[in-house]
1. Taking region A:12-69, which residues are acidic (Asp, Glu) and within 22 Å of A:Asn114 (Cα to Cα)?
2. Give the residue, chosen from A:Ser95, A:Ser82, that is touching a Lys or Arg at 6+ places or on another chain (Cβ under 7 Å) and modelled with pLDDT under 95.
3. Only one of these conditions is not met by B:Ser84: (1) within 24 Å of A:Val4 (Cβ to Cβ); (2) more than 14 Å from every other protein chain (Cβ to nearest Cβ); (3) buried (at least 21 other Cβ atoms within 10 Å of the Cβ). Which number is it?
4. Is it the case that region B:44-62 has a residue that's at positive phi and more than 14 Å from chain A (Cβ to nearest Cβ)?
5. Those residues that are among the β-branched types (Val, Ile, Thr), touching a Ser or Thr at 6+ places or on another chain (Cβ under 7 Å) and at pLDDT 95 or above, I need them from region A:10-32; list them, please.
6. Identify, by number, the condition in (1) buried (at least 16 other Cβ atoms within 10 Å of the Cβ); (2) touching an Asp or Glu at 6+ places or on another chain (Cβ under 9 Å); (3) more than 11 Å from chain B (Cβ to nearest Cβ) that A:Thr30 doesn't meet.
7. Can you name every residue in region A:42-62 that is on the phi < 0 side of the Ramachandran plot and within 13 Å of another protein chain (Cβ to nearest Cβ)?
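The values are calculated or read from the model by the stated rules, or taken from the named source; none is laboratory data. Just so it is clear, the model here is predicted, and its values are computed rather than measured. Ideal geometry is used to build each Cβ from the backbone, glycine not excepted, and the neighbour counts take in all protein chains shown.
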Amino acid sequence: AQKVTQAQTEISVVEKEDVTLDCVYETRDTTYYLFWYKQPPSGELVFLIRRNSFDEQNEISGRYSWNFQKSTSSFNFTITASQVVDSAVYFCALSEEWGAQKLVFGQGTRLTINP
Amino acid sequence: NAGVTQTPKFQVLKTGQSMTLQCAQDMNHEYMSWYRQDPGMGLRLIHYSVGAGITDQGEVPNGYNVSRSTTEDFPLRLLSAAPSQTSVYFCASRKNWGEAFFGQGTRLTVV
């Protein structure tokens, strides 16, 4: 069965620090998809990235970067030079190819960036 | 671009009352789902559908019913509301293992 674990419940850093959010997943499928979503204080869910299991290249988008390692079943998210606007709850999610497209989420990490 | 429209945004129910949360999408997505979000629990899957006429249970289906008569609509029914169903509910749709698009959420309080 698919499972996502985000062990860090809350993280608090000072603005401009780098911060990494951990995501560990479990799946028996060889083909699967990993996602990160952001939920700002306003409550909506904002899509950040999608990664399939055959693409292990790290990705960078501005101050955001993602490190996908199949060997450790991890898909970690790093924010460089954090800003107050990055304060949000971040969710990692997993969808298996043969899982009827179910999208399973981790518990989320609440990130607070202090000025 | 409407995307996923979820109504109502807020609702207060008395224990034992029933209600339907509405969800509609205009992107012709086959897959739709309902989640509930509780503090420290993340988003938990209630029910999902891979197409009109096909539904299945997720992680926390008890106390909820769904149906999918059209591609566009996927209502969630609370048959007899209980305080344990106080939560924020999100509807989502997606296409072919792509990103999920979410509604704005419904904050439900059962007293």
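1. Of everything in region A:12-69, those that are acidic (Asp, Glu) and within 22 Å of A:Asn114 (Cα to Cα) turn out to be A:Glu15, A:Glu17, A:Asp18, A:Asp22, A:Glu44.
2. A:Ser95
3. Of (1) within 24 Å of A:Val4 (Cβ to Cβ); (2) more than 14 Å from every other protein chain (Cβ to nearest Cβ); (3) buried (at least 21 other Cβ atoms within 10 Å of the Cβ), only one is false for B:Ser84: (3).
4. Within region B:44-62, one or more residues are at positive phi and more than 14 Å from chain A (Cβ to nearest Cβ).
5. The answer is A:Ile11, A:Val13, A:Val19, A:Thr20, A:Val24.
6. (1)
7. A:Ser42, A:Glu44, A:Leu45, A:Val46, A:Phe47, A:Leu48, A:Ile49, A:Arg50, A:Arg51, A:Asn52, A:Ser53, A:Phe54
For every residue, the table says whether it meets (1) of a type in the set (Ser, Thr, Tyr); (2) out of contact with any strand residue (DSSP E or B) (no Cβ under 8 Å at 6 or more places or on another chain).
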position: A:Ser12; (1), (2): yes, no
position: A:Val19; (1), (2): no, no
position: A:Thr27; (1), (2): yes, no
position: A:Val46; (1), (2): no, no
position: A:Asn67; (1), (2): no, no
position: A:Lys70; (1), (2): no, yes
position: A:Phe77; (1), (2): no, no
position: A:Ser82; (1), (2): yes, no
position: A:Gln107; (1), (2): no, no
